[in-house]
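Just so it is clear, none of the values below were taken in a lab; they were calculated from the coordinates. Being a predicted model, the structure only gives us computed values, none of them experimental. Positions of Cβ are backbone-derived with ideal geometry, glycine not excepted, and every protein chain shown enters the neighbour counts.
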Amino acid sequence: MRLLFLGPPGAGKGTQAKRVAGNLGIPHIATGDMLRQAVSEGTDLGLKARAIMERGDLVPDDLVIAMLLDRVAHDDATDGFILDGFPRTIAQAEALEDRFGDGGLDAAVVIDVDSEEIVRRISGRRVCGNGHVFHVDDPRWVDGEKCDQCGEPIYQREDDYASTVRNRLNVYRDLTEPLIAFYGDQGTTMHVIDGVGDPDSITESIMTALRQ
Ligand code: ADP
């Protein structure tokens, strides 16, 4: 099963995509996590991507497409995968379609959250080096220094600073949101899920929609 999780930054795509991938036994492929890893390792790709990501702009299509096509060729992805953060432009969606045919996907899960809630979430979001996500209002946010799941230090992503969030929301609206119409035109199954509420119930809604 090839699935896409789509939605504005801060909608909870990463959190939900990780859980659903675990439930389905397929890999969670998050281009943002892969790029952050490239930045922290200082690879060629990371050096090119770093400043772009800090501004909240998109890394050039050719670089991201090459990275993603390489990733989906791994053995663990032969039975399917969940894409999180890719495609983010029509050109990326077309590359996926060229690779897999027939729209490129079996279904898309669109997580819907209004922009006021998004700003609240992103400004309080903290992450660890392994991509576990926290919110400063979360009861698990105890010492605020180490991840309670893996012990890695917790930090605020530079692109989560308030000054950058507005740009990311504009980029989403202008370049990524049109993918909803693109996949609609392709006849790809779309599940629109309300992303506000208890995270466990949201996971359950997504699982229910995918079982249909
Ligand atoms: P979020 O969904 O919270 O905005 P991500 O972790 O998915 O964050 O992405 C962080 C940043 O990584 C993006 O703002 C962008 O600069 C870069 N990025 C991730 N995926 C892509 C992509 N498919 N195309 C271009 N840039 C990307």
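Rounded to the nearest 20 debye, the dipole magnitude of segment 2-211 is 320 debye, with +1 charges on Lys and Arg beta carbons, -1 on Asp and Glu beta carbons, and the Cα centre as origin. In segment 2-211, taking the dipole from charged Cβ atoms about the Cα centre, the farthest positive-side position among 206, 64, 105 is held by 64.
Tell me the net charge near residue 54. Cut-off is 15 Å between Cβ atoms, residue 54 excluded, with +1 for each Lys or Arg and -1 for each Asp or Glu. List each step's numbers first, then the result.
Details: positive: 36, 48, 50, 55, 157, 166, 168; negative: 57, 158, 159, 160.
The answer is +3.
How charged is the neighbourhood of residue 188? Take every other residue with its Cβ under 14 Å from the Cβ of residue 188, and add Lys/Arg as +1 and Asp/Glu as -1. After counting each charged neighbour, the total is -4. Just name one of 93, 179, 144: the one whose Cα is farthest towards the positive end of the charge dipole of segment 79-212 (beta-carbon charges, Lys/Arg +1, Asp/Glu -1). Most positive-ward Cα: 144. Within 15 Å, Cβ to Cβ, of residue 100, how many net charges do the neighbouring residues add up to if Lys/Arg are +1 and Asp/Glu are -1? Value of the local net charge: -4.
From the alpha carbon centroid of segment 160-200 to that of segment 65-120 is 12 Å. Restriction of the GluC sites (Glu not before Pro) in segment 81-145 to DSSP coil positions whose beta-carbon has at most 12 other beta-carbons within 10 angstrom yields 145.
Contact order, relative form, for the chain: 29 percent (alpha carbon pairs under 8 Å, 6 or more residues apart, mean separation divided by residue count).
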